[in-house]
1. Restricting attention to the stretch 115-132, report how many residues are surrounded by 13 or more Cβ atoms within 10 Å (Cβ to Cβ) and over 22 Å from residue 76 (Cα atoms).
2. Hey, could you check the stretch 385-396 for residues that are crowded, with 21+ Cβ neighbours inside 10 Å and either under 13 Å from the mean Cα position of the chain (by Cα) or within 11 Å of the ligand (Cβ to nearest atom) (or both) and say which is modelled with the lowest pLDDT?
3. Would you check which residues across the stretch 453-469 are touching a Leu at 6+ places or on another chain (Cβ under 8 Å) and either touching a residue at least 60 places away in the same chain (Cβ under 8 Å) or outside the structural domain of residue 583 (by TED's automatic domain parsing) (or both) and list them?
4. Which residues, taken from the stretch 356-375, are surrounded by fewer than 24 Cβ atoms within 10 Å (Cβ to Cβ) and within 14 Å of residue 606 (Cα to Cα)?
5. Out of the residues in the stretch 339-351 that are within 10 Å of the ligand (Cβ to nearest atom) and hydrophobic (A, V, I, L, M, F, W, C), which is surrounded by the fewest Cβ atoms within 10 Å (Cβ to Cβ)?
6. Of the conditions (1) part of a loop (DSSP other than H, G, I, E, B); (2) surrounded by 24 or more Cβ atoms within 10 Å (Cβ to Cβ), residue 568 clears all except one; give me its number.
7. Looking only at the stretch 397-410, how many residues end up being at pLDDT 95 or above and within 12 Å of the ligand (Cβ to nearest atom)?
8. In the stretch 301-322, is there at least one residue being assigned by TED's automatic domain parsing to the domain that holds residue 423 and assigned to a strand (DSSP E or B)?
Amino acid sequence: MCGIVGYIGSGLAAPILLDGLKKLEYRGYDSSGIALLEDDRLKVYKKVGKLDALRNELAFRNFYATSGVGHTRWATHGRPSDENAHPHVDCQGRFAVAHNGIIENYLTLREWLISKGHKFRSETDTEVLPHLLEEFYEGDLVETVIQMTKKIEGSYAMVILALDEPNRIVAARQDSPLVVGLGNGENFVASDIPALLCHTRNTYILEDGEIADITAGEVIVTDQYGRLVEKNIFEVKWEASQAEKGGYDHFMLKEIHEQPRALRDTLSGRIDPGESEIVLSEIKMTPEEVKNISKIFITACGTAYHAGLVGKNVIEKLVRLPVEIDIASEFRYRDPLVDESSLVIVVSQSGETADTLAALRESRRRGAKVIAVTNVVDSSIAREADYVLYTWAGPEIAVASTKAYTTQLTCMYLIGLYLAQIRGTVPGTERKAIIRELKKLGDKVSVILNNCAAIDSFVDTYKNAPNAFFIGRGLDQTVAMEGALKLKEISYIHAESYAAGELKHGTLALIVEGVPVIALATQQDLFEKMVSNIKEVKARDATVMAVAMAGIEEIEKVVDHVLHIPNTHPLLAPVLTVVPLQILAYRMAVARGCDVDQPRNLAKSVTVE
Ligand code: M6R
């Protein structure tokens, strides 16, 4: 995944592009570049490393260009380097292209272009694009882009600057997000809204196959056949400050602290005033349709997959239907038994993850109804699903997901309770009890956030540990997976999660003196068994930090450190259990001097397969 920006107007393009790229750095940050039209030439500045490397290099130059395109990269084809950084240009330097996605048939196109005499300078798939433009150009950039898109296969969001047509930039999209920002005498384009917010709230969200012809005065959108498309203006409601750090050292910390608010927003309007029913007007299935569901599938990637794991357990328990869960990149390749009587739930913060989108399409192709649980309004996944449940978490910028996970869990509870309500599988009193607890989760997360000082001494002792283990049973096991992922991705400590009962079947061999083990023990009915597993690791001299519900004093006798979370219904515990694990990962990463918001090799959402 990469971030792209474009600008045309009367302002200075370079600072506008660089600021836009800063807002998109979460999408990729191994190299960056901008292309500007100046002195009747297309000038390209590119640099390997984070955006600051480029900014420092350009700091003392005076640019006066009023149009340009920019890119921040997450490498797929070709290692991070100055040459592989975007924008890429053709042989004569007449077209500059910034691209997000993958041109799948680039090798064939590259060979063909080389046979025609084109000279390539990079190892990227993207470089075929400016050479194709050079090959086909006959005086109209939009026409040429239409012609080019017929030749390319794969996914793209691209923005193009052409020397011969200085008064327009052209953008096109297929399977990668692109938003046009509508200004006054100036217009913008970017991969995501945060890059536009300090300029405008009025946007066109481009759809697959659409091409935007952007001049300072207007934006004309056509489809891939050149037919005019009437776009509706999408007005962004959130504040620019929501996409800023707001006094926190890192976006991740800010987003962890936003969870109480985010959880309340997820629930807002979805519980009846009597607190006894779930109201999901978004899911427009008739009671008959709900009753006819024979099986439920959940599919997602990474943290969203971990939320789906909790969802599987919760929905099976509440709805008494079989629920299968798949990692989205595996789903369609295993020929899943999805049919017209299946309900498929896809979970994706960004709503743009390529594998999750492909799983959604495959499910619909097989006749299933699809509910999307997503955070980004009007994202591809939101648009293509039958029903959308927005998480309303607000923009999540840090690569490591935190509020996305807890709000996705909340949506899982809402869906489970809602289906159970229609199918009559949970008695009203029990449903009411869960709903009441659900409403208290935000406050309980605040309590945890105000009481996690105990984590600091653990971090101090173990910040140089090479390995860590997360164990749990039942729902705790699924949260252990998320805890281990958080620690790995931002602190680079090797972390593994295990079903606690599974340790003795192999992994116990790795538990030696001083190895940190984080034991999750919130599930009352499994508590005794969990204590036995903790004793097994203690007997091998591991150091154990437990997470347990308030009032469970026995745990203190068997572990080295305890983090108590407020009491709640056991099904809802994951929302609370994960919070100290998020803080643990965050503080470990800070103590180890890691780049918390932009961990190495990662990107916020993965729009390539
Ligand atoms: O945008 P999505 O929720 O579809 O992203 C899926 C994963 O890439 C994502 O959850 C990733 O694992 C997290 N950012 C890790 O913290």
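The values are calculated or read from the model by the stated rules, or taken from the named source; none is laboratory data. Keep in mind that what you see is a predicted model, and the values were worked out from it rather than measured. All Cβ positions, glycine included, derive from the backbone under ideal geometry; neighbour counts span all protein chains shown.
1. Applying the first criterion (surrounded by 13 or more Cβ atoms within 10 Å (Cβ to Cβ)) to the stretch 115-132 yields 118, 120, 122-132.
Now narrow it down to the ones that are over 22 Å from residue 76 (Cα atoms): 118.
Total satisfying the criteria: 1.
2. Top of the filtered list is 395.
3. 454, 455, 458, 459, 469
4. 358
5. Top of the filtered list is 346.
6. (2)
7. Total satisfying the criteria: 8.
8. no
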